[in-house]
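Here the structure is laid out as structure tokens; the discussion comes afterwards.
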Amino acid sequence: MTWPPLARKEFYDHIQSKGVWLLGVLLVVASFLSLGGPPYLVTSLGENTTLAAFLAPVSIFATFGAILLSHRSISSERASGSIKVVSGMPVRRHHILLGKIIGQTAVLCVPLILTFLVVGALGALEYGLFSLAKFGLLVVASCLYLLLNVSVGVSISRGCEYLGPSGYRGV
């Protein structure tokens, strides 16, 4: 067994979560409110004003969403005993970690890409069409940024023991 079935399970488990879609709504609202700004900034950025509107919401809210989604992924399964089911299968530990990281990153990329499409369309109507190549690079860079943050969260989860509401303890 390799990591794709684990990533698929992780994706389907988390895509139904209300928190992921709340994060998506929060990203859309924050990105929409970031559109525009002072007149001198809009004049200097021109049609790239829309692209600049994504930078702060993605760096702030997507980071928090990635850490909040992934910080208990291994430790809570270890505490509940459900990790023993996966450990009983012929799968290596690094495949478990990779499946969790890829699945959770894919879950967070769905609302992120929807945010880029919705706010990008609204920004294009208001400020003009921006460079699609720059837009594509920004989407890819943001997804890689999410991958990095999810990796940090899963690493934190791997190194800690979840004690329930009382907190964590280092392993």
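Suppose the filter is modelled with pLDDT of 85 or more, open to solvent by 10 Å² or more (accessible area, probe 1.4 Å) and of a type outside the set (A, V, I, L, M); does S44 pass it?
Taking the combined requirement at face value, the residue does not satisfy it.
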| Restricting to helices (runs of 4 or more DSSP H) lying wholly in region 51-148: which have 3 or more residues that are more than 17 Å from the chain's Cα centre (by Cα), surrounded by fewer than 19 Cβ atoms within 10 Å (Cβ to Cβ) and at pLDDT below 85? | 75-80, 83-87
| Do the conditions hold for A30, that is, is it open to solvent by 30 Å² or more (accessible area, probe 1.4 Å) and either without any contact (Cβ under 8 Å) to a residue 60 or more places away in the chain or out of contact with any helix residue (DSSP H, G or I) (no Cβ under 6 Å at 6 or more places or on another chain) (or both)? | no
| query | What is the residue count in region 1-20 for residues that are buried (at least 17 other Cβ atoms within 10 Å of the Cβ), more than 14 Å from the chain's Cα centre (by Cα) and within 24 Å of F61 (Cα to Cα)? | reply | 1
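The values are calculated or read from the model by the stated rules, or taken from the named source; none is laboratory data. Keep in mind that this is a model prediction, so the values were computed, not measured. Reconstructed Cβ throughout: ideal geometry from the backbone, glycine too, with neighbour counts over all protein chains shown. Each accessible area value is taken on the protein alone, full model and side chains, heavy atoms only, with ligands, DNA and RNA left out. Shrake-Rupley method; radii C 1.70, N 1.55, O 1.52, S 1.80 Å.
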